[in-house]
Every structure is written in structure tokens, then in C-alpha cells.
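Below: the structure, in C-alpha cells.
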Number of protein chains: 2
Amino acid sequence: MNRRCTRQKQIILRVISGDGVHMTADEVYAAVRKEDPEIGLATVYRNLNLMCEEGRIQKVSDNGVSFYDGNPAPHDHFVCRICGTIMDAPTTYDRALDAAVEEAGGVIVDRHSIIFSGICSECMEKQKEKEKEKWS
Amino acid sequence: MNRRCTRQKQIILRVISGDGVHMTADEVYAAVRKEDPEIGLATVYRNLNLMCEEGRIQKVSDNGVSFYDGNPAPHDHFVCRICGTIMDAPTTYDRALDAAVEEAGGVIVDRHSIIFSGICSECMEKQKEKEKEKWS
DNA sequence: CTTCGTGCAAATTATTTGCATGGCA
DNA sequence: TGCCATGCAAATAATTTGCACGAAG
């Protein structure tokens with residue numbers, strides 16, 4: 001599975017790989033097209049899905065919006081409800097939570113996903129600016 | 001906002017309300033149609049969205065699948081990767097996590113969502129059955 | 001009565017799939 | 001050279017929206 005190393009795969013992986021990179025499929029598509037305008041959206045989706053299965057990247061979804069995360073290691077996320085940006089949360093992924101749920105619920109837990117939502121520091125700044133303008 | 005109390009709203013709210021109730025929009029649609037076969041899918045969506053905004057229910061999404069939860073209080077969830085069932089997790093919603101992220105990240109956190117995934121007890125049983133069959 | 005909510009169908013959005021062809025191994 | 005991966009377009013799936021009509025207040 002995923003044997004052949006095509007030019008498209010290399011470009012997509014280069015674009016999405018790396019710690020702190022979070023992109024929607026369309027963003028990946030747009031970025032990849034700068035290097036190869038002939039590439040198709042379906043190819044981007046196919047390869048992103050493949051890379052998720054291979055554990056090279058991961059997919060993070062929040063309320064209908066999906067992001068591909070260049071860092072496959074489990075970690076938590078923060079989403080700004082103003083600008084929609086997603087970023088890594090400054091937390092330590094806590095595997096102990098899973099064990100607690102297994103014990104209390106009589107289930108097997110493979111993993112968990114924590115998504116914090118609120119307002120990012122940039123949007124906080126912008127809001128402060130607007131407040132100032134009102135008074136000037 | 002949502003002034004009129006229509007028959008449709010009453011039925012939808014009755015179907016979705018309650019602790020432990022998690023349904024997809026289609027499931028709500030199917031259930032509601034048993035009481036009123038004339039009801040439209042768009043009406044179901046419109047009202048579920050309204051009730052979310054009003055804080056009467058909440059929407060929970062996991063990797064592209066959305067559930068409406070009859071209990072609006074923040075709490076964690078568990079999703080079975082075999083049968084897809086979603087249920088409340090046997091955990092205590094921890095508001096302290098939000099404060100930690102606020103402090104470490106310089107952001108405002110309104111809430112968080114934790115979704116555990118794994119195998120539910122029913123699916124575990126079924127797997128055991130299959131194992132036995134192999135040996136009998 | 002007036003205006004909001006509904007039902008229906010069409011429109012959107014995000015993603016997947018079928019198929020003929022080109023390109024890695 | 002053989003078969004997988006690609007590009008394109010069409011197919012799906014989930015949800016939203018426009019509009020004329022019916023019903024709640």
C-alpha cells in the first residue's frame with residue numbers, strides 16, 4: 001500500500017509535514033498547486049487519507065471543519081472561534097485519561113481528542129483595538 | 001428568535017431531549033416522522049440548530065459525523081470505532097484544563113471537548129463470540 | 001391579520017469514486 | 001512492460017437556502 005513514490009506525494013508531504021502545521025484539504029491543494037498546477041484535488045484527498053492511515057500525519061475535526069496536522073503524535077488542539085485558526089494546545093497529552101475511562105466504562109480506549117475553543121491572542125488584540133477606536 | 005411554539009418544535013425537542021440521548025440529524029428526522037410524517041428534513045435541521053443556539057441541546061462532532069446531544073451541560077464523550085455509537089464518558093468535566101490553557105497559551109478558553117475513541121463493551125463481547133466460534 | 005415557520009426542491013460544500021491514461025518500478 | 005496513481009468529471013453525503021403557502025399569536 002502506497003508503494004510508489006510519485007512527485008505529487010512528495011510535494012504534498014513536504015507541504016503538510018512539520019510540527020505546528022495545520023491545513024484544510026483546500027489549503028493543502030492551493031499550496032501544492034503552486035509547485036505543480038496540474039495536480040488534482042482528488043489526488044490531494046487520496047494522499048492525505050493515505051498518509052493518515054500510514055501514521056505520517058493526522059486529521060483533526062472540529063464541528064464540521066477538518067484539518068490535517070503535520071505532526072502525527074497525539075496532542076491537544078485549540079481552535080479560535082473568531083478566525084477559525086487551529087493550533088497546538090500548550091498541554092501535555094495525558095494518557096492516564098484513557099485508562100480512567102477504560103476502568104470506569106468497561107470499554108477499550110485507543111486514544112482521545114481534546115479540542116479547546118475560545119479566542120486566540122491575535123483576535124483578542126483586534127478586539128482591544130476596536131474598543132479603543134470607539135473611544136477615540 | 002424562535003418565538004413561535006410549533007407542533008414540529010415540540011416533537012423534535014421531545015425526541016432529542018434527555019440525558020444520554022445522542023442522535024444524528026437523520027435519526028432525529030426518522031424518529032420525528034413517526035409522530036408527524038409530513039415534517040421536512042430542513043425543519044429538523046433548522047430547529048436542531050436553533051436549540052443548540054438556545055443552549056437547550058448541543059452538537060458533538062467526531063471525524064465528520066455529527067450527533068445532537070439532548071444534554072446541554074458540558075461533558076465528555078466516548079465513540080466506538082466499530083459500531084459508531086456515541087455515549088457519555090464516565091468522567092467529570094474538568095474546567096481546570098481551560099484555565100491551564102489560558103495561562104500557558106495567552107488565549108481565552110470558553111470550553112473544551114474531549115472525545116475518547118475505542119471499542120464499546122457490546123462490540124468487545126461480539127469479538128469474543130467470534131473468537132470462540134473459530135475454536136468450536 | 002400579520003409575520004414567522006414550514007415543506008419542498010434546488011443550491012452548497014466537502015469529499016469520494018469511476019475510468020481512461022500516464023508514469024513509476 | 002505491467003500495474004498503480006493520477007486527473008478529470010461525475011457521484012455522494014450532509015447541510016443550507018429560497019420561496020410560496022399555512023398556521024401561531
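Values as computed for the structure displayed
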{"item": "For the pair A and B, total buried accessible area rounded to nearest 100 Å², probe 1.4 Å", "result": "2400"}
{"item": "Convex hull of segment B:86-136 built on C-alpha atoms - directionally averaged projected area, nm²", "result": "5.2"}
{"item": "Residue-level accessible surface for B:T92, protein heavy atoms, 1.4 Å, Å²", "result": "120"}
{"item": "Apportionment of accessible area to carbon and sulfur, chain B, percent (1.4 Å)", "result": "50"}
{"item": "Cβ-based charge dipole, the protein assembly as shown, positive-most Cα from A:C120, A:A89, B:T43", "result": "B:T43"}
{"item": "Overall Cα dimensions of the protein assembly as shown - principal axes, largest extent first, Å", "result": "80, 56, 40"}
{"item": "Around A:V32: net Lys/Arg minus Asp/Glu count, Cβ-Cβ under 14 Å", "result": "+1"}
{"item": "Listed pairs A:K128/B:K59; B:K34/B:K132; A:K34/A:K59; B:K9/B:K126 exceeding 32 Å between Cα atoms", "result": "B:K34/B:K132; B:K9/B:K126"}
{"item": "Fraction of antiparallel bridges per DSSP, chain B only, in percent to nearest 5", "result": "70"}
{"item": "Accessible-area value, B:R7, 1.4 Å probe, nucleic acids and ligands omitted, Å²", "result": "130"}
{"item": "Accessible area per residue, Å², the protein assembly as shown with all protein chains present, probe 1.4 Å", "result": "60"}
{"item": "The protein assembly as shown: antiparallel DSSP beta bridges as a percent of all, rounded to 5", "result": "80"}
{"item": "DSSP H segments from chain B that extend 18 Å or more along their own axis, Cα-based, with Kyte-Doolittle mean of 0.0 or above", "result": "B:41-54"}
{"item": "Convex hull (Cα only) mean projected area of segment A:1-72, reported in nm² to one decimal", "result": "4.6"}
{"item": "List A:Y68, A:Y45, ordered by accessible area with a 1.4 Å probe, largest first", "result": "A:Y45, A:Y68"}
{"item": "Sequence-distant residues sharing a close amide H with A:T24 (under 5 Å, placed H)", "result": "A:Y68"}
{"item": "Neighbour cut-off at most 10 other Cβ (10 Å), DSSP loop, GluC sites (Glu not before Pro), segment B:1-71", "result": "B:E38"}
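The values are calculated or read from the model by the stated rules, or taken from the named source; none is laboratory data. Every value quoted in this text rests on a predicted model; they were computed, and no experiment measured them. Ideal geometry is used to build each Cβ from the backbone, glycine not excepted, and the neighbour counts take in all protein chains shown. For the accessible areas, the whole protein counts, side chains as well, though only heavy atoms, and no ligand, DNA or RNA atoms are used. Shrake-Rupley method; radii C 1.70, N 1.55, O 1.52, S 1.80 Å.
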